[in-house]
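No lab work stands behind these numbers, since they all come straight from the coordinates. This is a predicted model, so every value here is computed, not measured. Positions of Cβ are backbone-derived with ideal geometry, glycine not excepted, and every protein chain shown enters the neighbour counts.
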Amino acid sequence: MAGTTADPSMNEFIYEVPVERVAAHQGQRLIIRACEPAALATALTGEPPEQIVGARLLSLDTDSEPLNTWAPGLPVDLVMTDPDTEFPLLYRHVELLDHHPTRVIIPVRPGFAKAVKVAISLNFAVWLEPGQPEPALIEELVEVMAFYLRQPTVAQPVEFFHSVLLGFYHDDPIPLWVVLDTDPRYLRVVDDDGAESLPGRLAGVVATVAANADLGEWIARLLATADECQGCEFLAGCGGYFKWPRRDYPCVGVKHLFGLLREAAAELRRDLGSAPS
Amino acid sequence: MSEKQSESLPGDLVAMDIEVRERREFLLSLSKWSKAVIGGVLLGGALVPGQDAKAQGGAGVWYNSGRGWGGWVEGPWNWYNRPRWYNRPYWRGYDWYDRPWYNRPWYNGGGWYNGWYNR
């Protein structure tokens with residue numbers, strides 16, 4: 001199995017699988033992905049509900065109505081691929097919010113800010129897939145961060161900003177591997193051919209970390225071994241996340257983002273400290 | 001939260017409710033923070049005093065830092081298994097709404113209490 005070592009904790013994994021491969025993963029906890037909502041609703045009618053922990057809809061150009069009455073309360077991800085052109089498609093999925101906790105996964109690509117604003121205005125939570133952003137995208141991320149932090153009408157979180165901010169606020173940072181659902185201890189992704197790999201940007205990585213290692217050990221021994229990670233002031237909240245897959249990615253831009261969130265957390269503490277008691 | 005609900009809470013919970021509400025109103029009055037930020041800071045991670053620190057349903061083990069902020073000390077750490085935004089209150093334009101999720105055990109640990117302090 002690519003990306004894993006000996007696997008005594010197999011049953012603890014959550015597997016993200018295509019809907020066509022659900023039958024091969026009986027008894028395991030699954031996040032199921034599909035392009036067609038009807039395929040999810042039809043194929044999974046007989047599955048034990050406690051086995052399914054989430055669903056991912058890979059195409060927004062579809063009708064999600066079949067999911068409305070299917071597995072009420074099941075978290076649903078709407079996966080966007082081209083935010084610059086797909087954002088109008090979010091309107092057709094608003095009804096999901098009455099039946100499922102629903103978030104929109106938006107890749108950080110040119111024009112993504114517009115998609116974030118539409119998603120938030122429709123009351124979807126947002127999960128940014130930041131990739132390894134170039135300087136122009138860092139500027140757009142700063143703009144979106146300001147929108148998330150300061151726009152009074154924003155009522156849904158924009159991850160990863162939200163959890164990083166709270167981590168700074170409470171002086172209790174959570175690595176981005178956790179915030180962005182890429183924790184190698186718990187997640188495995190199964191491709192259309194049935195091959196398993198580590199999740200997200202770790203796809204194809206062969207780990208040398210023991211299966212029962214904690215995340216701190218994963219970070220120390222594999223995830224944050226790049227030179228720039230050593231002594232980085234934001235290592236606790238990043239965990240080396242931005243050094244994958246390109247290990248030579250320069251982090252100056254993302255450090256700027258972390259710094260802004262740290263400043264915002266400090267400002268929040270000052271504000272609350274000045275609250276009348 | 002209705003007055004009836006408030007009256008049914010132990011004294012320390014009522015006090016916590018009032019404090020959170022006052023802090024929320026103060027931050028809102030500044031008009032410099034989003035409701036997502038305010039809700040996250042004031043409501044996200046609050047563990048009700050006296051509550052069993054063990055979450056149920058295999059969702060993990062919750063700890064309370066003593067600063068109104070807690071965290072999961074046992075996994076799984078991911079969106080699907082820990083109480084995150086999707087069972088948190090949100091602002092719906094005129095009041096805070098506590099979405100009545102369907103109490104599926106895998107994302108809403110039994111130790112999580114979010115039914116009263118956001119009204």
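Overview of results
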{"read-out": "Highest to lowest packing among A:267-274, A:219-226, scored as the average C-beta count within 10 Å", "value": "A:219-226, A:267-274"}
{"read-out": "Per-residue average of Cβ from other chains inside 10 Å of A:52-65", "value": "1"}
{"read-out": "Rounded to the nearest 20 debye, dipole of the stretch A:50-173 from Cβ charges on Lys, Arg, Asp, Glu", "value": "220"}
{"read-out": "Burial ordering of A:V142, A:V53, fewest other beta-carbon atoms within 10 Å first", "value": "A:V142, A:V53"}
{"read-out": "Likely footprinting exposure, A:I138, A:I32, B:I18, fewest C-beta neighbours within 10 Å first", "value": "B:I18, A:I138, A:I32"}
{"read-out": "Chain A, relative contact order [Cα under 8 Å, separation at least 6], %", "value": "19"}
{"read-out": "Spread of Cα-to-Cα distances over 5 Å intervals beginning at zero, given as percent, for the stretch A:127-277", "value": "2, 9, 17, 21, 19, 14, 9, 6, 3, 1, 0, 0, 0"}
{"read-out": "Peptide A:173-186 - average C-beta neighbours from other chains (10 Å radius)", "value": "3"}
{"read-out": "Partner chain coverage, peptide A:156-169 - average Cβ within 10 angstrom", "value": "4"}
{"read-out": "Rounded to the nearest 20 debye, dipole of chain A from Cβ charges on Lys, Arg, Asp, Glu", "value": "480"}
{"read-out": "Relative frequency of Cα-Cα separations exceeding 29 Å in chain A, percent", "value": "37"}
